[in-house]
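Down below is the structure, laid out as C-alpha cells.
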Amino acid sequence: MKEIEKIDEMKRLRQQLAEPVGLVPTMGYLHEGHLALVRQARVENPSVVVSIFVNPAQFGPREDLKSYPRDPERDLALLEKEGVDIVFMPSVAEMYPAQFSSWVEVGKITERLEGASRPGHFRGVTTVVAKLFNIIQPNKAYFGQKDAQQAIVIKKMVADLNMNLEIVTLPTVREPDGLAMSSRNAYLNPQERQAALVLYQALSLAEQLWSQGEKDAERIRQEMTALIQKQPLAEIDYVSIADAKTLDELDRVSPPVLVSLAVRIGKTRLIDNIVLE
Ligand code: PAF
C-alpha cells in the first residue's frame, strides 16, 4: 500500500493503475461504515484509492474542525488489511494553497436540511470532492447513505458538471443497538452514547407509523419530535420528511421519502436517516 501526500505524485501514480479505479473519500478516523465502502470498492475494482483529508472548508467557524478525531496510524493499518492500493493523505496547504479561490456550488438541494443548519458546508464538500475526482480520476466513488444529502448533492454535481464517473451509495452501517456508525460517536460519553439511541428510535417509529398506514407527514414529524423530546440530553436541530430526490418537505408521505434528522446529544451533533420506499 502506497501512502501519498503530494498531488503531483498521486496524479503520476494514477496513470499506472489498472482500471476501473475505485475511490473512497474519507476524513479518517475510520469505522466499519468506511470499511464497508472500501470492501465494496475492492470487490468492484482492480485498483482502490482511499483519501484521508479532514477538509477545513466544510466546517463552519463554530464547528469541530480542531477537535475532529484523528488517528492516521490506526487508519493506515486498517486500510492495509483491506488491501487498499493507495492512500492519498494531502496536507491542507497542498489542497488549499494560499492563492486558492475557486469553489464548486450545487444549487437548491444544498439549501435544505444540513445546508440550512450548516451554511457553506456543502460548498466545502463539493469543492473538495471535485478536487479529489480531478486528482484521482476514479471510475467509481463510494459514499455512505448515512450522509444521505451529501450523496444526493454529489450525484447532482456529477450529473450537472458531466463528470465521468459513477457514484455508488451503500447502506448505513449500524452498531448492534441501531446507532449509525460515525466518527463523531467518539465524542459521546457513556450516558450520551445511550441517549444517542433516540435518533434510531425516532426513525424506527416513523417507519412503524408509515407501515401502519400513516400518510400524514406532519403527524409523523410530531410523533418523532415528541419521542426525542423525552430524552433530556437530546436537542433537536431538525426532523424532516422530504421527497428523496428534491428534498422538498412533504405534507403527504409518498415514497421514496427521506426521513432524516439532526439531533445534538450534549455537545455532539449527530445525523441519521432512513428511506421509505
Ligand atoms: O463524508 C465525508 O467524510 C466527507 O464529507 C467527504 C466526502 C470525505 C468530503 O470531505
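No lab work stands behind these numbers, since they all come straight from the coordinates. All of these numbers come straight from a predicted model, not from anything done at the bench. FYI the Cβ positions are ideal-geometry reconstructions off the backbone, even for glycines, and counts take in every protein chain you see.
Taking only the Cα atoms of segment 146-277, how large is their convex hull per residue, in Å³?
Working: hull volume 15.1 nm³, N = 132.
Cα-based convex hull of segment 146-277, divided per residue, equals 114 Å³.
In the chain, the calculated helix contribution to ellipticity at 222 nm averages -11000 deg cm²/dmol per residue, counting -39,500 (n - 2.57) for every DSSP H run with n ≥ 4. Measuring nothing but how far apart in sequence close Cα pairs (under 8 Å, 6+ apart) lie, relative to its length, segment 46-167 scores a relative contact order of 28 percent.
In order along segment 206-221, the phi-based Karplus estimate (6.51 cos²θ - 1.76 cosθ + 1.60, θ = phi - 60°) of 3J(HN,Hα) comes to 4, 5, 5, 4, 5, 6, 7, x, 5, 10, 7, 4, 5, 4, 5, 4 Hz; Gly and Pro are listed as x. Convert each backbone phi in segment 265-277 into a coupling constant with the Karplus relation 6.51 cos²θ - 1.76 cosθ + 1.60 (shift: θ = phi - 60°), then list the ³J(HN,Hα) values in order as whole Hz, x for Gly and Pro. With the stated coefficients, segment 265-277 comes to 10, x, 8, 9, 8, 10, 10, 7, 6, 9, 10, 8, 9 Hz. What pairs in Lys131/Lys267; Lys215/Lys267; Lys6/Lys245; Lys2/Lys66; Lys66/Lys146; Lys11/Lys108 have C-alpha atoms more than 29 Å from each other? As for pairs spanning more than 29 Å Cα to Cα, those are Lys131/Lys267; Lys215/Lys267; Lys6/Lys245; Lys11/Lys108. In this structure, the amide hydrogen of Ser51, modeled 1.01 Å from its nitrogen in the peptide plane, lies closer than 5 angstrom to those of Val24, Thr26, Phe88, counting only residues at least 5 positions away or on a different chain.
A simple charge model with +1 on the Cβ of Lys and Arg, -1 on the Cβ of Asp and Glu and nothing else charged puts the dipole of the chain at about 360 debye relative to its Cα centre.
So what is the relative contact order for the chain, in percent, with contacts set as C-alpha pairs under 8 Å and at least six apart? Please report the intermediate quantities before stating the final value.
Details: 474 pairs, mean separation 46.3, N = 277.
Computed over the chain, the figure is 17 percent.
In this calculation the C-beta distance from Leu65 to Ile7 is compared with R0 = 25 Å, giving a FRET efficiency of 0.70.
Using Cβ counts within 10 Å as a stand-in for footprinting exposure, how do Thr172, Thr225, Thr26 rank, fewest first?
Numbers: Thr172 18, Thr225 14, Thr26 25.
With the sparsest Cβ surroundings first, the list reads Thr225, Thr172, Thr26.
Rounded to the nearest 10 degrees, the inclination of helix 32-44 to the longest alpha-carbon principal axis of the chain is 50 degrees. The alpha carbon convex hull volume per residue for the chain rounds to 130 Å³. Once the Cα atoms are used to define both axes, helix 121-136 deviates from the longest principal axis of the chain by about 30 degrees.
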